[in-house]
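Here is the structure we will look at.
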Amino acid sequence: MVIYITEQAAKEIRQILSEQPSETSKYLRIGIKAGGCKGFTYILDLSVKPEATDDVSEIKGIKILCDPISSLYVEGMAIDFSDDRLNRGFIFNNPNAKEICPCGVSFGI
């Protein structure tokens, strides 16, 4: 699985991971779930260990987990982070998304 993480996003993820107890968060889980106005939403979650079927990779020093189904939908995605006053949060640029809601959180395939 290939996912791109900008340096700004990686900095924010590393900060979040450093603030967590090590026994509760060693990995960043990237995935999707049904929901949102376009059909799917992104998941960014912290995880202690991989599941048996997870794709495990390391990007910019961050250990990444992704389940096999989510991997199909996030392949080639870039994750950025915005820290401006009006829109603070992660930004997903997913080449697999055919539709993206105006808020940028949900997408359709």
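Just so it is clear, none of the values below were taken in a lab; they were calculated from the coordinates. These numbers come from a predicted model, not from an experiment. Methodologically, a virtual Cβ is constructed for each residue, glycine included, from the backbone with ideal geometry; neighbour enumeration extends over all protein chains shown.
Roughly speaking, what % of Cα-Cα pairs in the stretch 7-78 are separated by over 15 Å, rounded to a whole number? Numbers along the way, then the final one.
Numbers: 1415 of 2556 pairs.
Counting pairs separated by more than 15 Å, the tail of P(r) holds 55 percent.
How would you rank VAL2, VAL56, VAL105, going from fewest to most other Cβ atoms within 10 Å of each one's own Cβ?
VAL2, VAL56, VAL105
Quick one: order LYS49, LYS38 by neighbouring beta-carbon count within 10 Å, fewest to most.
Least to most surrounded, the residues fall as LYS49, LYS38.
Taking LYS60 as the anchor, which lysines have their alpha carbon closer than 17 Å to its alpha carbon, excluding any fewer than eight residues away along the same chain?
LYS11, LYS26
With label points built 7 Å along Cα→Cβ from the Cα atoms of ARG85 and THR6, find their separation and express it in nm.
Each label point lies 7 Å from its Cα, and together they span 2.0 nm.
Among LEU86, LEU44, what is the fewest-to-most ranking by other Cβ atoms within 10 Å?
LEU86, LEU44
Pairs of Cα atoms under 8 Å, at least six residues apart: use those to get the relative contact order of the chain, whole percent.
Here the relative contact order equals 31 percent.
Please report the antiparallel percentage of the DSSP beta bridges confined to the stretch 4-108, to the nearest 5.
Of those bridges, close to 85 percent are antiparallel.
Report the label-to-label distance for LYS98 and ALA52 in nanometres (one decimal), using points 7 Å from each Cα along the Cα→Cβ vector.
For the pair LYS98/ALA52, the computed spacing is 3.5 nm.
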